[in-house]
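The values are calculated or read from the model by the stated rules, or taken from the named source; none is laboratory data. Please read all numbers here as calculations on a predicted model, not as lab measurements. We place every Cβ from the backbone using ideal geometry, glycine too, and count neighbours over all the protein chains shown.
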Amino acid sequence: MKHKPKLNMDKIAKTLGAERRGEVRAGSGHFGAMQVVAEIQARFQAPAGGGRSTDPAWTDRRLVPLAPKTLLELQRLASIASERGGVKVSPLQVAALLLEHATEEADDGIVAELTKQQAS
């Protein structure tokens, strides 16, 4: 499988006479889904020995318990991402991307609030 070259966003911005001002976060809905698809296309690479494309920075593997409803939703999202992105994506790869985004956005206050809700 031929592997796509990474996009150099700084070079693209310079060529267009633009200025990079930071990252855009994926939201919900159609545009959020398309941003996730774009991120998959940019980050995922096929391993040298073959197999499913993945983010080479993901080196740790963990088991994460999921409710059946959550797994069904992840399967649905993975199906959409695979169809639109041209890269086969597993439900737990989608979960890993969503988890990365959630942890980047989380702060101590959110964690404290979630802990309080679980305790009550």
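A few notes on this one:
- Listed by position, the helices (runs of 4 or more DSSP H) enclosed by the range 1-100 that each have at least 3 residues that are at pLDDT below 75 and hydrophobic (A, V, I, L, M, F, W, C) are 29-43.
- The range 46-71, residues that are more than 15 Å from L97 (Cβ to Cβ) and of a type in the set (V, I, T): T59
- Some residue of the range 73-91 being farther than 17 Å from Q35 by Cα and of a type in the set (A, V, I, L, M): no
- Whenever a residue of the range 36-64 is over 13 Å from K88 (Cα atoms), its partners that are outside any loop (DSSP other than H, G, I, E, B), lying with C-beta atoms within less than 6 angstrom and at least six residues away or across chains, give the pairs P56/Q45.
- Looking across the range 46-81, the residues that are touching a helix residue (DSSP H, G or I) at 6+ places or on another chain (Cβ under 9 Å) and hydroxyl-bearing (S, T, Y) come down to S53, T54, T70, S79.
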